[in-house]
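**Q** Once you've had a glance at the structure underneath, I'll fire off some questions.
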Amino acid sequence: MAGSTARQGSRRFAAWSVRPVGLLWRLAAIPFTAFAACGLCFLLWHLVPGSPFATEQLTDPVTRDHLAAAYGLDRPWWAQWFQWSQQVFSGSFGSSFQYRNLPVAALLAQAWPTSLLLGLLALVVGSAIAVPCAVCVVRKPQARVAVFLEVLMDSLLCVPTFVSAPLLLLLVASIPFNLLADPDAGRLVEYGLAVLSLSLPIAAVVFRWTCVALRAALGASWWPAIAARHLPEQRRWWRYALGSCVPQLTGSLAPLAADVLTGAMAVETVFALPGLGHLLASAARHRDTPVMLGAMVCVVTTVMAVQLLADLLPTVGSRGRGMASSV
Amino acid sequence: MTRKLALFLVVLAVAGPLGSSGDGYAVDWRALDSPPGALYGFAGGHWLGTDELGRDLWVRLCLGLRGSIAVGVFALLFAALLGSTLGVAMGILRGVAGGLVARAADILAALPVTLLALVVISTSGRGLWPVAATLGALGAVPVARAVRVALLAATRAPYLAVARIHGAGFWEVARWTYVPAVAAACGTACRLLLPQLLVAEGLLGFLGLSIPAPGITLGSLLAEGSGRLSHAPWAVAAPTAAVFLLLTATRSRA
């Protein structure tokens, strides 16, 4: 027992002795990668033919030229890139084309927390739906409930957020007690529906990963030793089997961050939530390029931060793994 | 089963409107927001109901399915062509140039396709070809990466040395080794890519950034219907089912 504790301790020490340096590198890489990604977007934006002011309303070429000069779009692309980089490093991100004289940073500061909270809640709710379902399916795979859950979760993969959001709203509106009629309660219910519709595709993916990880845990060499300990079944499953799945679960959640932020565009549009997705969709419709580039910086930074967190979390969850391997 | 479902949806998209009297744009003033089968029964006209302008929803659904499948398929073809070409170039290029192209592809692959498509489409404009070309160009990145890996693995296969000893030339080796490896990798990557392209197109259509009116896609039908949920829930139910079936057919094939 003492030996196993020592092994566990040395493993943790080894993990943490490497991590601070790697952590610093990863933290330093976030702004650079976000900046490089936006450079790529900037390049794409300049490669495709068209202009933010080439709309049906602006038919007069003189007006268009004046607008382009006012926003600095008549300059060469490298000069525009340099100007935009200066604005990014000064933290202003420039001015919006759509909302006149409003700095992009102010718009992002309003929208970003809403999307972050929505995405975080969706990840938590999606995992809370998926993990018990996966345990149920792996424990009794032949049961009717397990078969139903498996089919249901597979079906959820084919229901994107722009389908699930109006569908959930339709379901709630059709129940006899009209929950949406009361302004306060209705707002709360709508927010809950927004979180639920965003969490359904997450639940489907996490369910698959958890099932795979749990089946691998059941086939592992240490599982018979755990089973021989005559521990309560709930403890065996929730502490040891699921504990060994933590690295895979956190690893599966990280790539979902980008999908969550993409799916948030439809959800925030349907439920009129003033988030980053709503801002991006509106900016795309109005060809508001500074807002789109600023939002891309936010999205890339968020995705990279979530991936960093997901890489760190298995260290916290190594308790279950360490215990299991020390048996 | 899924192949039959995909075939059924394609037939529906092509031939579905033929059996109906309306063209999907004709306004029937006697049937504004008419529920399914309410006006002429299920055997008569407007059996799936109408929208707020009295336009036949069945025909519009088939046209929307046609628009979504068209964008998805054209984007996939473009992604396959561009991805294969880029992948082969990345596999042949060595040194700094090859490394730089591969890293650029890695960065692009890490970014969400729909968000990048938003940036590009907002400047290039909406329409079948701009949307298909944008989604195809962005979808080409995973295809190119898969093709590059397959080509590199094929060029390093140990049996190639034996083939060369036996006198096989470059074109013979390419015909029996490289081309099948590239085709297999491209096919697998495209199967995985198709549902992603359909979802991205649906989301763009829902946000009003895919084919502009009077063109119809499933996303635009859903957006129209979700604005009138309390008045005409059937306008959302039909496109929802169509999107579900389309993704089921393509995801299961993947």
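**Q** Tell me, which residue of segment B:108-133 that is touching a residue at least 40 places away in the same chain (Cβ under 8 Å) and of a type in the set (Ser, Thr, Tyr) is farthest from B:Leu81 (Cα to Cα)? Steps first, answer last, please.
**A** Initial filter on segment B:108-133 (touching a residue at least 40 places away in the same chain (Cβ under 8 Å)): B:113-114, B:117-118, B:121-122, B:126-129, B:131-133.
Add one more test, that the residue is of a type in the set (Ser, Thr, Tyr), and what stays is B:114, B:122.
Details: B:Thr114: 20, B:Ser122: 24 Å.
If we take residues in segment B:108-133 being touching a residue at least 40 places away in the same chain (Cβ under 8 Å) and of a type in the set (Ser, Thr, Tyr), then B:Ser122 is farthest from B:Leu81 (Cα to Cα).
**Q** Out of A:Gly192, A:Gly186, A:Gly263, which single residue is within 14 Å of chain B (Cβ to nearest Cβ), of a type in the set (Gly, Ala, Ser) and out of contact with any helix residue (DSSP H, G or I) (no Cβ under 7 Å at 6 or more places or on another chain)?
**A** Numbers: A:Gly192 fails: within 14 Å of chain B (Cβ to nearest Cβ); A:Gly263 fails: out of contact with any helix residue (DSSP H, G or I) (no Cβ under 7 Å at 6 or more places or on another chain).
A:Gly186 is the lone residue from the list that is within 14 Å of chain B (Cβ to nearest Cβ), of a type in the set (Gly, Ala, Ser) and out of contact with any helix residue (DSSP H, G or I) (no Cβ under 7 Å at 6 or more places or on another chain).
**Q** If you don't mind, there's one more thing I want to ask. Kindly evaluate B:Val59 against the criterion of being open to solvent by 30 Å² or more (accessible area, probe 1.4 Å), within 25 Å of B:Phe244 (Cα to Cα), at pLDDT 85 or above and aliphatic (A, V, I, L, M).
**A** Details: open to solvent by 30 Å² or more (accessible area, probe 1.4 Å): no; within 25 Å of B:Phe244 (Cα to Cα): yes; at pLDDT 85 or above: yes; aliphatic (A, V, I, L, M): yes.
Taking the combined requirement at face value, the residue does not satisfy it.
**Q** Would you mind stating whether A:Arg239 is open to solvent by 10 Å² or more (accessible area, probe 1.4 Å), touching a residue at least 60 places away in the same chain (Cβ under 8 Å) and among the basic types (Lys, Arg)?
**A** Numbers: open to solvent by 10 Å² or more (accessible area, probe 1.4 Å): yes; touching a residue at least 60 places away in the same chain (Cβ under 8 Å): yes; among the basic types (Lys, Arg): yes.
Yes: the conditions hold for A:Arg239.
**Q** Could you tell me whether segment B:193-203 includes any residue that is in contact with a Phe, Trp or Tyr (Cβ under 7 Å, 6 or more places away or on another chain), within 14 Å of chain A (Cβ to nearest Cβ) and modelled with pLDDT of 85 or more? Let's see the steps before the verdict.
**A** Narrowing segment B:193-203 to residues in contact with a Phe, Trp or Tyr (Cβ under 7 Å, 6 or more places away or on another chain): B:202-203.
Still in the list and also within 14 Å of chain A (Cβ to nearest Cβ): B:202-203.
Filter again for modelled with pLDDT of 85 or more, leaving B:202-203.
Yes; the residues of segment B:193-203 include at least one that is in contact with a Phe, Trp or Tyr (Cβ under 7 Å, 6 or more places away or on another chain), within 14 Å of chain A (Cβ to nearest Cβ) and modelled with pLDDT of 85 or more.
**Q** Would you point out the residue of segment A:268-290, among those that are more than 11 Å from every other protein chain (Cβ to nearest Cβ) and buried (at least 24 other Cβ atoms within 10 Å of the Cβ), that is farthest from A:Ala122 (Cα to Cα)? Spell out the reasoning first.
**A** Filtering segment A:268-290 down to residues more than 11 Å from every other protein chain (Cβ to nearest Cβ) leaves A:272-275, A:279, A:290.
Going one step further and asking which of them are buried (at least 24 other Cβ atoms within 10 Å of the Cβ), we end up with A:275, A:279.
On the way: A:Gly275: 14, A:Leu279: 19 Å.
Once the filter is applied, the top-ranked residue is A:Leu279.
**Q** Can you find even one residue in segment B:108-126 that is open to solvent by less than 10 Å² (accessible area, probe 1.4 Å), part of a helix (DSSP H, G or I) and away from chain A (no Cβ under 11 Å)?
**A** Taking every residue of segment B:108-126 in turn, none turns out to be open to solvent by less than 10 Å² (accessible area, probe 1.4 Å), part of a helix (DSSP H, G or I) and away from chain A (no Cβ under 11 Å).
**Q** A:Leu149: more than 30 Å from A:Ala305 (Cβ to Cβ) and buried (at least 17 other Cβ atoms within 10 Å of the Cβ), yes or no? Show your work before the answer.
**A** Working: more than 30 Å from A:Ala305 (Cβ to Cβ): yes; buried (at least 17 other Cβ atoms within 10 Å of the Cβ): yes.
So A:Leu149 fits the description; yes.
**Q** Can you pull out the residues in segment A:61-98 that are open to solvent by 90 Å² or more (accessible area, probe 1.4 Å) and not polar (S, T, N, Q)?
**A** Within segment A:61-98, the first condition is being open to solvent by 90 Å² or more (accessible area, probe 1.4 Å), and the residues that meet it are A:65-66, A:74-75, A:77-78, A:82, A:86, A:89.
Hits for segment A:61-98 are A:Asp65, A:His66, A:Asp74, A:Arg75, A:Trp77, A:Trp78, A:Phe82, A:Phe89.
**Q** Of everything in segment A:242-260 that's more than 14 Å from chain B (Cβ to nearest Cβ) and free of Cβ contacts under 8 Å to residues at least 60 places away in the same chain, which residue is most open to solvent (accessible area, probe 1.4 Å)? Can you show your working first?
**A** First, the residues of segment A:242-260 that are more than 14 Å from chain B (Cβ to nearest Cβ): A:242-253.
Restricting the remaining residues to those that are free of Cβ contacts under 8 Å to residues at least 60 places away in the same chain gives A:245, A:248, A:252.
Working: A:Cys245: 0, A:Gln248: 71, A:Ser252: 6 Å².
It comes out as A:Gln248.
**Q** Can I ask one more? In the set B:Gly202, B:Gly215, which member is of a type outside the set (Phe, Trp, Tyr), part of a helix (DSSP H, G or I) and more than 30 Å from B:Ala89 (Cα to Cα)? Before the answer, list the steps.
**A** Working: B:Gly215 fails: part of a helix (DSSP H, G or I).
Sole residue among the options that is of a type outside the set (Phe, Trp, Tyr), part of a helix (DSSP H, G or I) and more than 30 Å from B:Ala89 (Cα to Cα): B:Gly202.
**Q** Please specify each residue of segment A:99-121 satisfying the condition of being out of contact with any Gly (no Cβ under 8 Å at 6 or more places or on another chain) and open to solvent by less than 50 Å² (accessible area, probe 1.4 Å).
**A** Across segment A:99-121, the qualifying residues are A:Ala106, A:Gly119.
**Q** A further question on this structure: Of all the residues that make up segment A:175-205, how many are open to solvent by less than 80 Å² (accessible area, probe 1.4 Å) and modelled with pLDDT of 80 or more?
**A** The total comes to 17.
**Q** In segment A:206-216, which residues are open to solvent by less than 50 Å² (accessible area, probe 1.4 Å) and either in contact with an Asp or Glu (Cβ under 6 Å, 6 or more places away or on another chain) or without any contact (Cβ under 8 Å) to a residue 40 or more places away in the chain (or both)?
**A** Our first condition is that a residue be open to solvent by less than 50 Å² (accessible area, probe 1.4 Å); within segment A:206-216, this holds for A:206-207, A:210-211, A:213-214.
Answer for segment A:206-216, where residues must be open to solvent by less than 50 Å² (accessible area, probe 1.4 Å) and either in contact with an Asp or Glu (Cβ under 6 Å, 6 or more places away or on another chain) or without any contact (Cβ under 8 Å) to a residue 40 or more places away in the chain (or both): just A:Ala213.
**Q** Something else: Check off (1) open to solvent by 60 Å² or more (accessible area, probe 1.4 Å); (2) without any contact (Cβ under 8 Å) to a residue 60 or more places away in the chain; (3) among the hydrophobic types (A, V, I, L, M, F, W, C) for B:Leu192 and give me the number that stays unchecked.
**A** Of the numbered conditions (1) open to solvent by 60 Å² or more (accessible area, probe 1.4 Å); (2) without any contact (Cβ under 8 Å) to a residue 60 or more places away in the chain; (3) among the hydrophobic types (A, V, I, L, M, F, W, C), the odd one out for B:Leu192 is (2).
**Q** Identify the single condition in (1) at pLDDT below 85; (2) open to solvent by 10 Å² or more (accessible area, probe 1.4 Å); (3) within 9 Å of chain A (Cβ to nearest Cβ) that B:Thr134 does not satisfy, given that it satisfies every other one.
**A** Just one mismatch for B:Thr134, condition (1).
**Q** Which pairs turn up if I take residues in segment A:150-173 that are more than 8 Å from chain B (Cβ to nearest Cβ) and look for partners that are not in a helix (DSSP H, G or I) with beta carbon separation below 7 Å, at least 6 apart in sequence or on another chain?
**A** Pairs found: A:Val172/A:Leu179; A:Val172/A:Leu180.
**Q** Pairs, please: C-beta under 9 Å, at least 6 apart or cross-chain, first residue more than 19 Å from A:Leu40 (Cβ to Cβ) and in a helix (DSSP H, G or I) and in segment B:85-102, second at pLDDT 75 or above and aromatic (Phe, Trp, Tyr)?
**A** Going by the 9 Å Cβ cut-off, the qualifying pairs are B:Val88/B:Tyr178; B:Gly91/B:Tyr178.
**Q** With respect to A:Met304, determine if the residue is open to solvent by 10 Å² or more (accessible area, probe 1.4 Å), in a helix (DSSP H, G or I), of a type outside the set (Phe, Trp, Tyr) and under 23 Å from A:Phe42 (Cβ atoms).
**A** In short, yes.
**Q** Quick check: is even one residue across segment B:145-161 out of contact with any Leu (no Cβ under 8 Å at 6 or more places or on another chain), within 13 Å of chain A (Cβ to nearest Cβ) and in a helix (DSSP H, G or I)?
**A** There is no residue in segment B:145-161 that is out of contact with any Leu (no Cβ under 8 Å at 6 or more places or on another chain), within 13 Å of chain A (Cβ to nearest Cβ) and in a helix (DSSP H, G or I).
**Q** Another question, if that's okay. Please count how many residues of segment B:219-248 are more than 9 Å from chain A (Cβ to nearest Cβ) and outside any loop (DSSP other than H, G, I, E, B).
**A** 8
The values are calculated or read from the model by the stated rules, or taken from the named source; none is laboratory data. All of these numbers come straight from a predicted model, not from anything done at the bench. Ideal geometry is used to build each Cβ from the backbone, glycine not excepted, and the neighbour counts take in all protein chains shown. All accessible areas refer to the heavy atoms of the entire protein, side chains included, with ligands and DNA or RNA removed. Shrake-Rupley method; radii C 1.70, N 1.55, O 1.52, S 1.80 Å.
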